Structures are given as structure tokens and as C-alpha cells.
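What follows is a single structure, written as C-alpha cells, with notes after it.
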Amino acid sequence: MAIGYRQARSLMRQFDWKMRVFTLGDSVEKITLFHPEQRTEYMVRMDSGRKLMQECVVSERLDRLTTIYSYKKIEAEENKEPVWFAVTRWAPEDAVAAAAEQGVTLSVNQATAWWKRNGRYFQQLLYEAGTEILSNMDFKGN
């Protein structure tokens, strides 16, 4: 299943994902999002990808058919404090406690090292879960 504009834009803005655009002549054939440090890729719906391309800049041309785009932060966006609906944080001690529940003993330093290796993946999972929860909320019954 392909993702839409809102989710693709959020991944690019918040987590520095890149857009890979495959073309054939002047026609866009396929658009995917990827992160250089992760194995996961997302297909982007064509209409959404074309709209998002307008907010991006070419960062690299892999070959004559494939171009990599990065999100271009708009100056006003960079100077303005973003409005977020939710901010969730965990401390190294939280990872130590979660590991202990699984029977694994970690020091704070080991938990911090674990976060350095796994933090981006953890954030991506949180983003996906949050997006799913938000999509299932009842907006009609204020």
C-alpha cells in the first residue's frame, strides 16, 4: 500500500527521509521514500509524490532515470516554532527498566549505547503507531 502526502511529508521533515523518483522520459514512473540508515521503504502515491516534490530539492542524481530529493525547509518554517500535538520522551532509566522486565540487565551507559544504535528505528515505530492512532480518532464527536 502506498502512503499519501501527509505521511510522506512528515517522514521527510521530521526524520530526514529521502525521496527516490524513477522517471522514464518526462514521466514519473515510481516514487519511494527511504532512509539511508533503515531498510524500510515506502511507496508514495503518485499524486502525493508529485505534490511533495514541489517542496523538495534535488540532492543527487543516481543515473539518468533516478533522482534523490531532500525536503527543503522553508525559511518561515525554520524560524517559527512548530506546533506539535504530542511530545513523548524516554530516559535511559526507562530503557533499563524495560530491559529488566525482559530479564536483561543494562547499565545506564549500555542503555544510552543501545539508543544510539536503535533510536531512529524506535522513533520511526513511534511515528507509525501515532499516525495509526491519529487516523482512527473520532474527529466528528468533538
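Treating the Cα atoms of segment 83-135 as identical point scatterers in vacuum, please give the log10 of the normalised Debye intensity I(q)/I(0) at q = 0.14 Å⁻¹, two decimals.
For segment 83-135 at q = 0.14 Å⁻¹, log10 I(q)/I(0) is -0.45.
If you build the convex hull over the alpha carbons only and average its shadow over all orientations, what do you get for segment 5-73? Give it in nm² to one decimal.
Averaged projected hull area, Cα only: 4.3 nm².
For each pair in Lys72/Lys140; Lys30/Lys72; Lys51/Lys116; Lys18/Lys140; Lys51/Lys140, compute the distance between the two Cα atoms and list the pairs where it is over 25 Å.
Pairs exceeding 25 Å: Lys72/Lys140; Lys51/Lys116; Lys18/Lys140; Lys51/Lys140.
Among Thr40, Val108, Val28, flag the residue with its Cα farthest along the positive direction of the charge dipole of the chain, charges on Cβ as +1 for Lys/Arg and -1 for Asp/Glu.
The residue sitting farthest along the positive end of the dipole is Val28.
Extension gain Met137-Asp16, at 0.36 nm per residue separation less the Cα-Cα distance, in nm?
40.9 nm
Under 11 Å from the Cβ of Met46, count the other residues' Cβ atoms, weight Lys and Arg +1, Asp and Glu -1, and hand me the total.
Surrounding charge for Met46 is +2.
So what J values fall out for segment 54-70 if you push phi through Karplus, 6.51 cos²θ - 1.76 cosθ + 1.60 with θ = phi - 60°, rounded to Hz, Gly and Pro as x?
Computed from phi, the couplings for segment 54-70 are 5, 9, 10, 10, 5, 9, 6, 10, 6, 7, 6, 10, 10, 10, 9, 10, 10 Hz.
Quick one, what does Rg over Rh come out to for the chain if you take C-alpha atoms and the Kirkwood Rh?
1.05
Using modelled amide H (1.01 Å from N, peptide plane; none on Pro or chain starts), what sits under 5 Å from the amide H of Ile3, excluding residues fewer than 5 places away?
Under 5 Å from the amide H of Ile3 lie the amide H atoms of Met43, Val44, Arg45, each far enough along the sequence or on another chain.
Amide H of Ser59: which non-local residues (sequence gap of 5 or more, or other chain) have their own amide H closer than 5 Å, using H built in the peptide plane?
Under 5 Å from the amide H of Ser59 lie the amide H atoms of Ile68, Tyr69, Ser70, each far enough along the sequence or on another chain.
Counting each DSSP H run of 4 or more residues in the chain as -39500 (n - 2.57), what helix-only mean residue ellipticity at 222 nm follows after dividing by all residues, to the nearest 500 deg cm²/dmol?
Taken over the chain, the calculation gives -13500 deg cm²/dmol.
At a 10 Å Cβ-Cβ cut-off, how would you order Met137, Met46, fewest neighbours first?
So the ranking, lowest neighbour count to highest, is Met137, Met46.
Would you list Leu106, Leu11, Leu126, Leu62 from fewest to most Cβ contacts within 10 Å?
Leu62, Leu126, Leu106, Leu11
Readers should treat all values here as calculations from the given coordinates under stated rules, not as data from a laboratory. This is a predicted model, so every value here is computed, not measured. Cβ: placed from backbone, ideal geometry, glycine included. Neighbour counts: every protein chain shown.
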